[in-house]
Amino acid sequence: MRGTAYGGEAPGKRWPVNGWLAAACLLLVLGLGPALCGAVVGPVRSRLLAQNVATVLAALVLLLSSPGYDRPAYLDTALVLAVLGPAGTLVYERLLAEDLPRGTPWPALARAASWASVAVVPPVVVPVCFAVAPGRTTVKVLVIGALLVAGSAVCGRALARAPRTAVGEDSGD
Amino acid sequence: MNLLPFLCAGWLFLVGCYALATSRNLIHAVGALAVCQSSTYVLLLAVGYRSGGTAPVFSDVPPGARPVVDPVVQALTLTDVVVGATVTALLLALVVQIAKRHGTVDPDELRELRG
Amino acid sequence: MTELPVLLGLLLATTAGTAAALTRDPVHQALVLSVLGLALALLFTLLQAPDVALSQLAVGTVLTPLMVLLSVRKVRRRPREDSPADGRGGKR
Amino acid sequence: MNKTVRLWVLGVGCAGVALLFVGAFRRLPEFGGSHHPYGARAVAAALHRHTANVVSSVNFDQRSFDTLGEQAILFGAVLGTVVVLRQARDERRVPPEPAVVAPTVRRYALVSLPLTLLVGLYVVAHGQLSPGGGFQGGLVVATALHLLYVAVDYRALERLRPVPVFALADAFGDVAYLLLGLAGLFAGASFLANVLPLGTFNTLASGGLVPLLNAAIGIEVASAAVVLLAQFLDQALELVPREGEHR
């Protein structure tokens, strides 16, 4: 059966590393590697930020794997991660409220990382939108992109603020 | 490249065991056990992988058009992940119970609590 | 090198697993376990196993680290029961 | 046995296991090889039973008895956690204080809660077609409920998530799986046999028993995760040791 859902040539016996998979590898090395390092060192707040950045980058790699392996069905994994990722980060931020110190040791890096995790989404989502078969799949990719931008922005802002003092609660306990 | 996935699975298992054995906090030990479990996922899926193969799901690809990866190991790993999570929950529940009754989660201190 | 994505996914998952095992503090370990869940989900997708990636996502990003954090919160609050703040009861 | 001796024993053990690993791995078939006899037969059996997602077919049709076992483990683990983490005599339940939530976080969580529920139900419903199934969808639905904890606070979550109902749903999912299995017996075939009409390939009603078993497992896993998290949330946020009654 010649041709595929993405109109590219049917892949040969071994996977040619096409453009999409090359971009995914780039994201893996340049994005997820540092995010993992960020999650291993530093105070809890910067680790949580690194976890949020890792979630966004992982969702983008999952999104790229769909045109990369020529399988529209792989979008479901990106959709589930785009929905669950920010929820996880927000729950951790809520539970670790008293562990989060006022600010992170490198505030500029933290702001840049949270801003970058929002800014990196459109340049990945837009090409995938065009590569995907028009119609329902494009809508799904746009929904994933919107969820990632919204979730990452909310988490970034929730982490960047100083811990709010709740009603009548000293932060000592 | 041929042996790397299996060696990675073996390495994850051994690192998990080392962390489990030398852990000073039972909650950390449960996390190390989760790492041991993840080594079984990597090994199972590495055994079932076929290069050039695609996922054995035919909702968007006509069956038989492309070689597929082994679905049986995926079914095993899938339920392994979910059951592993609930067993981890049971272990954490036991750790909380130990902390309530003995006031400590350090396995060395626990060992001295005779009777 | 046609299996580059699988190779990179494998190295990422192994590094994250080693980091998760060797992080001694449970709170920090919960966050690294969450990143390990992500790395494993990526590896499973690169090994053409989207079903397993989905279940790893559902378990690894929210469920397991959340339970570890709740256990840490319960265990950590226990030894400090003599602090005056304890009388006012639980947090939100 | 002091620490250094323990480390030595551990080191020798790990080295031995490592050697056994390397020896065994060398005799495994080549990574990425094309010799998967069991897989080929599983794919053929799944296509014969009009189930597009072969993994779900293996889980809920060809090896559904094993999934019955895994489901029992799941139920047992939840039961154990509930028993271990129940409220002890020397603990009292203190309602948590209302939390101050940033408006953006509240709006985001309240918007993404129905969306997550929808995605979870979609993953369960399309279990036998696209990647997904009862296990994954159930967990996504369970996580969706806990977005309410992020949006408002634990008190709101408790009001909208009665634990007894979910414990009942957990048991219902279990029993539903068994009863669906009995359908095979009533139709004269074996237990958990796929006797329902198979439907046309790649449609929502295809696969006979598989979508129903998927739904049963989805209910059970979702309620199991909710009950599990309820126990841990209660312990961490509400139960406080009663003063003056320490042994």
message = I'd like to verify a number: residues in segment D:25-49 that are more than 30 Å from D:L209 (Cβ to Cβ) and in contact with a Gly (Cβ under 9 Å, 6 or more places away or on another chain), how many?
response = 3
task = Looking only at segment D:92-100, decide whether some residue is at negative phi, facing chain C (nearest Cβ under 10 Å) and modelled with pLDDT of 90 or more.
result = no
Test: residue in segment B:27-44 that is touching a residue at least 24 places away in the same chain (Cβ under 8 Å), closer than 17 Å to D:H35 by Cα, under 13 Å from the mean Cα position of the chain (by Cα) and crowded, with 19+ Cβ neighbours inside 10 Å = yes
key: Those residues of segment A:28-61 which are in a helix (DSSP H, G or I) and of a type in the set (V, I, T), in sequence order   = A:V29, A:V40, A:V44, A:V53, A:T55, A:V56, A:V61
ask   = Taking D:G184 and the conditions (1) more than 22 Å from D:R86 (Cβ to Cβ); (2) within 21 Å of the chain's Cα centre (by Cα), which numbered condition does it fall short on, given that it satisfies the others?
value = (2)
note = Requiring at least 2 residues that are within 11 Å of chain D (Cβ to nearest Cβ) and out of contact with any helix residue (DSSP H, G or I) (no Cβ under 7 Å at 6 or more places or on another chain), the helices (runs of 4 or more DSSP H) wholly within segment B:6-115 are B:71-102, B:107-112
task = Working only within segment D:147-172, note down all residues that are part of a helix (DSSP H, G or I), more than 13 Å from every other protein chain (Cβ to nearest Cβ) and either under 23 Å from D:A193 (Cβ atoms) or not aliphatic (A, V, I, L, M) (or both).
result = D:R159, D:P164, D:F166, D:F172
message = Could you go through segment D:133-141 and let me know if any residue there is surrounded by fewer than 24 Cβ atoms within 10 Å (Cβ to Cβ) and polar (S, T, N, Q).
response = no
inquiry  = On the basis of being crowded, with 17+ Cβ neighbours inside 10 Å and touching a strand residue (DSSP E or B) at 6+ places or on another chain (Cβ under 7 Å), does D:L117 make the cut?
reply    = no
Per-region count, segment D:171-214, residues surrounded by 14 or more Cβ atoms within 10 Å (Cβ to Cβ) and at positive phi = 5
request  = Sort out for me the helices (runs of 4 or more DSSP H) sitting completely within segment A:62-151 that have 2 or more residues that are farther than 20 Å from A:L49 by Cβ and of a type outside the set (A, V, I, L, M, F, W, C).
outcome  = A:75-95, A:121-131
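So that you can scan it fast, the table gives a plain yes or no per residue for (1) within 21 Å of the chain's Cα centre (by Cα); (2) more than 11 Å from every other protein chain (Cβ to nearest Cβ); (3) outside any helix (DSSP H, G or I); (4) not aromatic (F, W, Y):
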site	(1), (2), (3), (4)
D:V105	no, no, no, yes
D:L118	yes, no, no, yes
D:S130	yes, no, yes, yes
D:V140	yes, no, no, yes
D:L145	yes, no, no, yes
message = Every residue in segment D:141-166 that is at pLDDT below 85, within 17 Å of D:A224 (Cα to Cα) and either in contact with a Gly (Cβ under 6 Å, 6 or more places away or on another chain) or aliphatic (A, V, I, L, M) (or both), please.
response = D:L157, D:L160
inquiry  = Take residues that are of a type outside the set (A, V, I, L, M, F, W, C) and more than 8 Å from chain B (Cβ to nearest Cβ) and tell me which of the helices (runs of 4 or more DSSP H) falling wholly in segment D:1-57 contain 3 or more.
reply    = D:3-26, D:37-48
query = Given (1) at pLDDT 90 or above; (2) outside any helix (DSSP H, G or I); (3) within 14 Å of chain D (Cβ to nearest Cβ), where does C:G90 come up short, assuming only one miss?
reply = (1)
task = Kindly indicate whether D:V195 is at pLDDT below 85 and within 12 Å of chain C (Cβ to nearest Cβ).
result = no
Matching option when the condition is farther than 28 Å from C:T14 by Cα and in contact with a strand residue (DSSP E or B) (Cβ under 6 Å, 6 or more places away or on another chain), among B:R66, B:R111 = B:R66
remark   = Considering residues that are within 29 Å of the chain's Cα centre (by Cα) and farther than 30 Å from D:A40 by Cβ, the number found within segment B:59-115 is 27
message = Taking the criterion of being closer than 23 Å to B:V87 by Cβ and either touching a Lys or Arg at 6+ places or on another chain (Cβ under 7 Å) or of a type in the set (V, I, T) (or both), would at least one residue in segment D:125-138 satisfy it?
response = no
request  = Only helices (runs of 4 or more DSSP H) wholly contained in segment C:1-76 count here; list those with 3 or more residues that are more than 10 Å from chain D (Cβ to nearest Cβ) and surrounded by 24 or more Cβ atoms within 10 Å (Cβ to Cβ).
outcome  = C:4-22, C:26-46
key: Leading residue by the ranking (surrounded by the fewest Cβ atoms within 10 Å (Cβ to Cβ)) among those in segment A:38-57 that are over 16 Å from A:P107 (Cβ atoms), within 8 Å of chain C (Cβ to nearest Cβ) and of a type outside the set (G, A, S)   = A:V40
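The values are calculated or read from the model by the stated rules, or taken from the named source; none is laboratory data. As the structure is a computational prediction, the values presented were derived from the model and not from experiment. We place every Cβ from the backbone using ideal geometry, glycine too, and count neighbours over all the protein chains shown.
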